[in-house]
Number of protein chains: 2
Amino acid sequence: MQVTPVPVTKLIDEFSRLPGIGPKTASRLTFYLLRNPAERAQSLAEALHELHQKVVFCSQCFNISESDPCPVCADEHRDRSVICVVEEPLDVLAIERTRDYHGLYHVLHGAIAPTEGIGPEDLKIGELSARVQSSPEPVKEIIVATNPNLEGEATAMYIARQFEGAAVKLTRLARGLPMGGDLEYADEITLSRALSGRSEI
Amino acid sequence: MQVTPVPVTKLIDEFSRLPGIGPKTASRLTFYLLRNPAERAQSLAEALHELHQKVVFCSQCFNISESDPCPVCADEHRDRSVICVVEEPLDVLAIERTRDYHGLYHVLHGAIAPTEGIGPEDLKIGELSARVQSSPEPVKEIIVATNPNLEGEATAMYIARQFEGAAVKLTRLARGLPMGGDLEYADEITLSRALSGRSEI
């Protein structure tokens, strides 16, 4: 006998589709929300609803933002001659937390991962080249701050090849970062050291 | 600099408020949804929205349902002389899966837990007494299927006291070794119960 109401099954299914959430956790979450006042589920629904409606990608750096250009790109005090290339918006957050970086960013939205079918054309690498070429103020340095893992290294190498012979200097974050780690989980001091000790590729 | 858009922070906060989801998981989920088409977040939002709107509690057994009475209580083929008392709607599901039970249910929505401030008056125990007394068909048996832990036992004992001297028989689910289990890994209490409740082959 079908004893679970369809809306309950539906929500369990939706939760299960999220990464790292299995059917057991999904049903726990659903019954938790069911036991709690409707406002809890409503406010989560609202936040989800607003996510894509109010968040856009900055047309210059491709970071997530509520405005285009984003606050960083729009800020006249930032050093426009340096671009820090990262994989994800969370990485921008991590670097901003160090308060040691005052240049601009460029968010690739991933890294080259042939096993997952992610090639350079799936990332904002072409956009980076175009941006550097058409920049009103010459870009002197590109800090390639992709993750210190296989995919991140491959992406850094690919980007370095794109700028071979160009006037721009390419640097990489210092090996203060633990290999196999994830940039967004690095603590501020480690990340700060890695920034100051960056080396030319 | 505030580089994370407010809607993103808001969704991370909302996810973090769910049980078992920390800030790291919450931000992973948020950025996952941000990377995916808006429809993913929308369909989750919709499912959340419908949860409380379309799901009601059955006025007889207090199980969750899309209709009142619920399909079990409305089913004329179910044995109305037996009521199985469980803590949560998920327990009804577990018992239904056995296909061995054909009586009705009564969902308490919790168990007595003094440390968490949950007393008998917070559960549907008074409703159970009223239901048994006013049942058109006499209730012959109440199977108390609360969880085999401290809270479940306390709740079972409390319910048993409520029906002392009544014509209804109160039973408890058998205790013993779980099927497919390994004797050497069974805890002492389970093994002790399995021994004392041993049956002839």
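The values are calculated or read from the model by the stated rules, or taken from the named source; none is laboratory data. Because the structure is predicted, anything quoted here is derived from the model rather than measured. Don't worry about glycine lacking a Cβ; one is built from the backbone with ideal geometry, like all the others, and counts go over all protein chains shown. Ligands, DNA and RNA are excluded from the accessible area calculation, which covers all protein heavy atoms including side chains. Shrake-Rupley method; radii C 1.70, N 1.55, O 1.52, S 1.80 Å.
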- [ ] Go through (1) without any contact (Cβ under 8 Å) to a residue 12 or more places away in the chain; (2) at the interface with another protein chain (Cβ under 7 Å from one of its Cβ atoms) one by one and return the number of the condition B:A94 breaks.
- [x] (2)
Task: For B:R80: the one exception among (1) among the basic types (K, R); (2) more than 11 Å from every other protein chain (Cβ to nearest Cβ); (3) open to solvent by less than 50 Å² (accessible area, probe 1.4 Å) - done: (3)
Open item on the list: I'm trying to understand the selection: among the residues of the stretch B:51-77, which are open to solvent by less than 40 Å² (accessible area, probe 1.4 Å) and of a type outside the set (S, T, Y)?
Closed with: B:L51, B:V55, B:C58, B:C61, B:F62, B:N63, B:I64, B:C70, B:V72, B:C73, B:D75
Task: A:V6, sole failed condition from (1) touching a strand residue (DSSP E or B) at 6+ places or on another chain (Cβ under 6 Å); (2) of a type in the set (A, V, I, L, M, F, W, C); (3) within 7 Å of chain B (Cβ to nearest Cβ) - done: (1)
Task: Matching residues in the stretch B:90-103 - criterion: being of a type outside the set (F, W, Y) and open to solvent by 10 Å² or more (accessible area, probe 1.4 Å) - done: B:L90, B:D91, B:L93, B:A94, B:I95, B:E96, B:R97, B:T98, B:R99, B:D100, B:H102
Open item on the list: When you check B:T115 against the structure, is it of a type in the set (S, T, N, Q), under 24 Å from A:V3 (Cβ atoms) and assigned to a helix (DSSP H, G or I), yes or no?
Closed with: no
- [ ] Identify all residues within the stretch B:161-186 that are within 19 Å of the chain's Cα centre (by Cα) and not in a loop (DSSP other than H, G, I, E, B); write none if there are none.
- [x] B:T171, B:R172
Open item on the list: List pairs: first residue in the stretch B:11-23 and assigned by TED's automatic domain parsing to the domain that holds B:L33, second residue among the aromatic types (F, W, Y) and assigned to a helix (DSSP H, G or I) anywhere in the structure, Cβ distance under 6 angstrom, at least six positions apart or on different chains.
Closed with: B:P19/A:Y32; B:I21/B:F15
TODO: Just need a number here: residues in the stretch B:40-50 that are open to solvent by 40 Å² or more (accessible area, probe 1.4 Å) and either touching a Cys at 6+ places or on another chain (Cβ under 6 Å) or among the hydroxyl-bearing types (S, T, Y) (or both).
DONE: 0
TODO: Look at B:V56 and say whether it is over 30 Å from A:C73 (Cα atoms) and touching a residue at least 40 places away in the same chain (Cβ under 8 Å).
DONE: no
Open item on the list: Looking at B:S43, B:S27, can you tell me which residue is assigned to a helix (DSSP H, G or I), in contact (Cβ under 8 Å) with a residue 12 or more places away in the chain and within 8 Å of chain A (Cβ to nearest Cβ)?
Closed with: B:S27
- [ ] Quickly run through the stretch A:130-154 and pick out the residues that are part of a helix (DSSP H, G or I), under 19 Å from the mean Cα position of the chain (by Cα) and at pLDDT below 95.
- [x] A:L150, A:E151, A:G152, A:E153, A:A154
